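Below you'll find the structure I mean.
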Amino acid sequence: MKEQKKWWKEAVAYQIYPRSFKDSNGDGIGDLRGILEKLDYLSYLGIDVIWMSPIFQSPNHDNGYDISDYQGIMDEFGTMEDFELLLKESHKRGIKMILDLVVNHTSDEHPWFIKSREAQENPYWGYYIWKPARDGKEPNNWGAWFGGSAWEYDENREKYYFHQFSLHQPDLNWQNPKVREEIFAMMKWWLDKGIDGFRMDVINMISKTEDYSDGEQKGMYGDLSPYCMNGPKVHEYLREMNEKVLCRYDVMTIGEAMEASPAEAKKYAGADRKELNMVFQLEHLDMGKGKYGKWNDKPVNLQELKGIFNKWQEELNGVGWNSLCWSNHDQPRAVSRFGNDGAYWAVSAKMLATCLHMMRGTPFIYQGEEIGMTNAGFQKLEDYRDVESIQAYHELVKQSGVSHEAMMEYLKLKSRDNARTPMQWSEEGQAGFTEGSPWISVNGNYPEINVEKQQGEETSILNYYRRLIALRHDHPVIVYGDFCMLLEESDTVFAYKRILDPVKLTVVCNFTSQEVACSLLSEAAPVLISNYRDRISGILRPYEAVVYEETSI
Ligand code: TEU
Ligand code: CA
């Protein structure tokens, strides 16, 4: 089937976590003026779209994913004028801007929730999910994603409200048409300001089943996923959103869809479904869960990783569109997790980039990935800022008997704060991120790993990303070619073909720190890009990646 051409299929996106990107006024917190200062850097990198994590008013229990005013800019980030200027300046450079739409829940300081918890009945009572106690306790055993029960008692209403995330993030009641109307109006307001789309936070969790019975016991609490993920009305709501809002604009929409299968993804992002353009499937990032969920030190299993990518590439072929990412603000750093942040740091970062950027789908680069930023390396619990990490520490160490040492190791490997240390701009103090004291410590390796240094080195990771991005823009096969896995059985090499007649790409990546023999290496085929300067016949060196481009006549 011939793929329909769309700008968002041809784009490379870049995710900014504003709090940690660039501080313009010395208060230690990144802000919109800081992003403005770095727009020329993003132009130089060559990306087409910026996705900004939430910039709205928020008490910041979850760094902006708890919104108290959807139409106001967070004071620490700047003003609406700053935003308008940033949008204008981005557009001037041909860069589009998408915002984070967080509408599964609001902050508990949102005026809707403040009204909703009043004792006196009012229209906002029905904006959130309230249930009476069961035997004087929580309505059921569901546990929240960030630890603890998913229910919080409110004395005014003498009921419990439901929150899938922290207790400061009550879930909105999407069943209420008024709630949907408010959200749709807010979306239009932003789109009319000229933004180019939305990344939709946990959008597959907005519809809950009617069934509020206990979930399967997992650790201390019951599992709420079957009751809240891909719920009965989620597609109805998204079609309504599309019909009332999205279809009127030429925008890019990506729904975050945790634990969604390709079959589900086809419903959210099927070309004919009139819902979203694509989803963030996080299956490869969710790999390796154990008894305590993601909190463990299991190594990455390459076979499993390949299997997941293969499945998504194949199943969405011709019917939906993939997004591609190695990490985001919720994940460890890609090079630390999937590559090697020691001896093979640069070469493995480039290999990972090659492997992802040559696949079919829209790539998302998470800030700092393009210079190979690594995990934070925090030694003390006090270094962490993330609500999920801190709550998990307390729950697992104090209540489940995990040792302090083990948990500190798990945090080093998996904490979301690994991705949230300040962007490393230069070798100046605080990595050139701030002139003050940063809200979270900078990674101590900034004198070696920073933008300024890599701008000056032809063979840097940064310059390699620039080439990959440019290649996607010039080579339709990278965007629209069919995907076909090669060497499926190999547990060292990740290889695939991309075909758009008459052009064929062969992508070969060694995921190990060993030399491996590989039958796909060719002496004759022209090399499109590689992270090694030369080639050894029949052998891939540690983390070597090579892409061949052949044209049949
Ligand atoms: O993330 C969805 C989500 O469930 C993540 O919290 C994920 O489970 C976890 O981070 C992996 O350890 C979105 C946002 O991306 C995240 O930053 C928010 O905290 C969350 O929703 C609530 O809005
Ligand atoms: Ca600031």
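The values are calculated or read from the model by the stated rules, or taken from the named source; none is laboratory data. Quick caveat: nothing in here was measured; it's all calculated off a predicted structure. Heads up, the Cβs are rebuilt from the backbone with ideal geometry, glycines too, and the neighbour counts pull from every protein chain shown. These accessible areas exclude ligands, DNA and RNA; they are computed on the full protein's heavy atoms, side chains included. Shrake-Rupley method; radii C 1.70, N 1.55, O 1.52, S 1.80 Å.
Positive end of the charge dipole of the chain (Lys, Arg +1 and Asp, Glu -1 on Cβ, about the Cα centre): tell me which of Y160, I183, F494 has its Cα farthest that way.
F494
To continue, here is another question. Taking every eigenvalue of the Cα gyration tensor of the chain, multiplying by 5 and rooting it, what semi-axes result, largest first, whole Å?
38, 26, 25
Mind checking the dipole of the chain: about its Cα centre, +1 per Lys or Arg Cβ, -1 per Asp or Glu Cβ, Debye to the nearest 20?
Here the size comes out at about 1200 debye.
Can you list which of the trypsin sites (Lys or Arg not before Pro) found in segment 165-211 are DSSP loop residues with at most 16 other C-beta atoms within 10 Å?
In loop regions of segment 165-211 (DSSP not H, G, I, E or B), the sparsely surrounded trypsin sites (Lys or Arg not before Pro) are K193.
To the nearest 10 square angstrom, how much accessible area does L528 have with a 1.4 angstrom probe?
Spelled out: L528, probe radius 1.4 Å, area about 30 Å².
Placing +1 on the Cβ of each Lys and Arg and -1 on the Cβ of each Asp and Glu in the chain, which of A263, Y410, I449 has its Cα farthest towards the positive end of the resulting dipole?
A263
In square nanometres, what is the average projected area of the Cα convex hull of segment 111-162?
Computed as one quarter of the Cα hull surface, the answer is 3.8 nm².
Still on this structure: Using the basic label-point model (7 angstrom from Cα toward the beta carbon), what is the D501 to S403 distance in nanometres?
6.2
With a ≥ b ≥ c taken as the square roots of the eigenvalues of the C-alpha gyration tensor of segment 291-446, please select rounded if a/c is under 1.5 and otherwise prolate if a/b is larger than b/c or oblate if it is not?
Judged from the Cα gyration tensor, segment 291-446 comes out oblate (a/c at least 1.5, b/c at or above a/b).
For helix 177-192, report the angle its Cα long axis makes with the longest principal axis of the Cα atoms of the chain; keep it between 0 and 90° and round to the nearest 10°.
Tilt of helix 177-192: around 40 degrees.
May I pose another question? Collect residues whose amide H, placed 1.01 Å from N in the peptide plane, falls under 5 Å from the amide H of D171; neighbours closer than 5 in sequence don't count.
Residues meeting the criterion, in which the H sits 1.01 Å from N, are I129, F162, H163, Q164.
For segment 237-248, in order, what is each residue's ³J(HN,Hα) by Karplus, 6.51 cos²θ - 1.76 cosθ + 1.60 with θ = phi - 60°, in whole Hz (x at glycine and Pro)?
Along segment 237-248, the couplings run 5, 6, 5, 5, 4, 5, 5, 7, 10, 4, 5, 7 Hz.
Sticking with this structure for a sec: Just to confirm the filter: which GluC sites (Glu not before Pro) across segment 375-457 are DSSP coil and have at most 16 other Cβ within 10 angstrom of their Cβ?
E427, E428, E435, E448, E457
Between segment 23-97 and segment 327-377, how many Å separate their Cα centres?
Spelled out, the Cα-based centre of one part sits 23 Å from the other.
While we're on this one: Probe 1.4 Å, all protein chains in place: accessible area of T551 in Å², nearest 10?
It works out to around 90 Å².
What are the residues whose amide H is under 5 Å from the amide H of G255, where those residues sit 5 or more places off or on another chain and H is modelled from the backbone?
M200, M278, V279, F280
Return the sequence-ordered ³J(HN,Hα) values of segment 281-295 in whole Hz as given by the Karplus equation 6.51 cos²θ - 1.76 cosθ + 1.60 applied to θ = phi - 60°, using x for Gly and Pro.
Values per residue, Gly and Pro as x: 8, 10, 4, 6, 8, 8, 4, x, 6, x, 3, 9, x, 7, 7 Hz.
Once neighbouring chains are kept in place and the probe is 1.4 Å, which whole percent of the accessible area of segment 111-162 is contributed by carbon and sulfur?
Answer for segment 111-162 is 45 percent, counting heavy atoms of protein chains only.
Next question. In straight Cα distance, which lysines are under 20 Å from K193, not counting same-chain residues fewer than 8 positions off?
Within the straight-line cut-off, K193 pairs with K88, K92, K96, K244.
Would you calculate, for the chain, the mean residue ellipticity at 222 nm contributed by helices, counting each DSSP H stretch of 4 or more residues as -39,500 (n - 2.57) and dividing by all residues, to the nearest 500?
Helices in the chain give a 222 nm mean residue ellipticity of -7500 deg cm²/dmol.
List the lysines whose alpha-carbon lies under 16 Å from that of K306, not counting same-chain residues fewer than 8 positions away?
Partners within reach: K497.
If you fit an axis through the alpha-carbon atoms of helix 404-414 and take the longest principal axis of the Cα set of the chain, what angle between them do you get, 0 to 90°, nearest 10?
For helix 404-414, the angle is close to 60 degrees.
Still on this structure: Using a Förster radius of 30 Å, what is the FRET efficiency between R273 and S519 based on their Cβ-Cβ separation? Nearest 0.05, please.
0.15
A further question follows. Exactly which trypsin sites (Lys or Arg not before Pro) in segment 367-426 are in a DSSP loop and have at most 16 other Cβ atoms within 10 Å?
Within segment 367-426, the qualifying trypsin sites (Lys or Arg not before Pro) (loop, at most 16 other Cβ atoms within 10 Å) are K380.
Please work out the FRET efficiency for the pair T79 and R467, using the Cβ-Cβ distance as r and a Förster radius of 56 Å; give the result to the nearest 0.05.
0.90
If each residue of separation counts as 0.36 nm, what is the full-extension length gain between K289 and H394 once their alpha-carbon separation is subtracted?
Computed gain between K289 and H394 is 35.9 nm.
Given R₀ = 25 Å, FRET efficiency for W189-Q120 by Cβ-Cβ distance, to 0.05?
0.25
Further, regarding this structure: So what are segment 482-551's ellipsoid semi-axes, whole angstrom, largest first, if each one is the square root of 5 times an eigenvalue of the alpha-carbon gyration tensor?
The answer is 19, 14, 9 Å, longest axis first.
Can you compute the equivalent ellipsoid semi-axes for segment 17-133, i.e. the square root of 5 times each eigenvalue of the Cα gyration tensor, sorted largest first and rounded to whole Å?
Its equivalent ellipsoid spans semi-axes of 34, 14, 11 Å.
Next question, about the same structure. Taking a virtual spin label 7 Å from the Cα of E457 along the C-beta vector, which residues in segment 357-389 bring their backbone nitrogen under 17 Å of it?
368-375
Another question, then. Given a 1.4 Å probe and the protein chains all in place, what does the accessible area of L381 round to, in Å² to the nearest 10?
Ignoring ligands and nucleic acids, L381 comes out at about 30 Å².
Follow-up. Say the dipole of the chain comes from +1 at the beta carbon of Lys and Arg and -1 at that of Asp and Glu; which of A349, Y212, W321 then lies farthest toward its positive end?
Value computed over the given set: W321.
For V103, list long-range residues whose amide hydrogen, built 1.01 Å from N in the peptide plane, is under 5 Å from its own amide hydrogen.
D201
Also, I was wondering about something else. Points 7 angstrom from Cα along the Cβ direction at E448 and L487: gap in nanometres?
That separation, rounded to one decimal, is 2.8 nm.
Further question: Using only Cα atoms, find the angle between the long axis of helix 345-357 and the longest principal axis of the chain, and express it within 0 to 90 degrees, rounded to the nearest 10.
Between helix and principal axis, roughly 80 degrees.
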